[in-house]
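Asker: Below is one structure. I have some questions about it.
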Amino acid sequence: MKTPSLLCGLALAAGLTLCAPLAAQTAPGTPRAEVSAKAVEQKAQMVDRLIFNSPVAARVGSSKNDEARRHFNNAREYYTHGKALAGSGQLRGADLLLNEAIWELSRAQTLVPDQATRMAGERSRYQQLKGSVDALLRTYELGVTGPGAITLSGDSPAERNVKGAMAQVEQARVLSETSKLVEANSALEKALALLLKDALGRIDGKTVVYDRRFTDVKQEFAYELERQRSYDSLVPLAVLEYRPSKEAVALIDRYVQSSRSLRAKAEAQAAANDHAQAVQTLNEATDALQRALLAAGLSVPQTMATQ
């Protein structure tokens, strides 16, 4: 049984108006370009090669992608009927159906990309995942090392999550070096899930205590700058996890942009050797990101100083 879209194409090729056309139509009264028999023949030969003797046909044939197979079968039917119309001299209808066959083949090809395209996609995804994992590891390290460190027991859930994530990261590195990018990405996804669970767990509904007793104001500025960047990297992950509304996302974007502007201002103040003011500006920048996280759905911590 022919699909509705295929029936539309066949009806259109026959000059009927049973359904909305699949191809772009010229405005009423606009003269249509003539279609030559040679052009139709050349197009038919090209479609013939794509359907019966091409890497795309082989990939679709060995694929388990039902949608790709459907598009490919549609292309074959369009081609068959287009050839029949060409044989009877109905060149315009034949040309239209051959165009539809090409479109269907392009959709099938997109759904079953070749090895090089797949690998490029996996490589790009590897870099994206690695960037997210690295950002969350920096967030973790900021919380448990340096000034204001949070003490964790060796068997705490957070410690186990991070150790498990780091093992996955190392596995991903080894796999990527042997071009096993699909497996490497799977390992990074597991690492990301563990780190995101740790990061959100440390922030959601908890109060974080930061020690403000730095050796000098420059050290405090460096710490606050890294803290702001860590919060910044956490915002998109929180959005992914909590899936806020479109209105909330727009608000989050405004907070993030405000925070980044404040960070740039703080960096300029530090460059002018006004580190005390730069620290204050960075605190404002981080507060904006905390409001962004709140808009995303987290209960963000208060920033407190130990006595």
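Where a number appears in this text, it was derived from the coordinates with a stated rule and is not lab data. Keep in mind the model is a prediction, meaning the values are calculated, not measured. Here the Cβ positions follow ideal geometry from the backbone for every residue, glycine too, while neighbour counts run over all protein chains shown.
Asker: Residue by residue through segment 251-265, what is 3J(HN,Hα) from phi via Karplus (6.51 cos²θ - 1.76 cosθ + 1.60, θ = phi - 60°)? Round to whole Hz and write x for glycine and proline.
Answerer: 5, 4, 4, 5, 4, 5, 5, 4, 4, 5, 5, 5, 5, 4, 5
Asker: Please enumerate, by chain and number, the lysines with C-alpha under 20 Å from the C-alpha of LYS83, excluding those fewer than 8 residues away in the same chain.
Answerer: Hits, sequence-local ones excluded: LYS2, LYS38, LYS43.
Asker: To make sure I understand the rule: partners must be lysines, Cα under 17 Å from the Cα of LYS163, and not fewer than 8 residues away in the same chain. Which ones qualify?
Answerer: Once the sequence-local lysines are set aside, what remains near LYS163 is LYS130, LYS190, LYS197.
Asker: In addition: Spelling out what I want: for every residue of segment 83-97, take phi, set θ = phi - 60°, compute 6.51 cos²θ - 1.76 cosθ + 1.60 (Karplus), and round to whole Hz; glycine and proline get x.
Answerer: For segment 83-97, the Karplus-derived couplings read 4, 5, 5, 5, x, 9, x, 8, 5, 5, x, 5, 4, 4, 5 Hz, x marking Gly and Pro.
Asker: What ranking do 158-165, 87-94, 184-191 get when scored by the average of other Cβ atoms within 10 Å per residue, highest first?
Answerer: 184-191, 158-165, 87-94
Asker: What are the ³J(HN,Hα) values, in whole Hz, obtained from phi via the Karplus relation 6.51 cos²θ - 1.76 cosθ + 1.60 with θ = phi - 60°, for each residue of segment 127-136 in sequence order, with x given for Gly and Pro?
Answerer: Once θ is set to phi - 60°, the couplings for segment 127-136 become 5, 5, 5, 4, x, 5, 5, 4, 5, 6 Hz.
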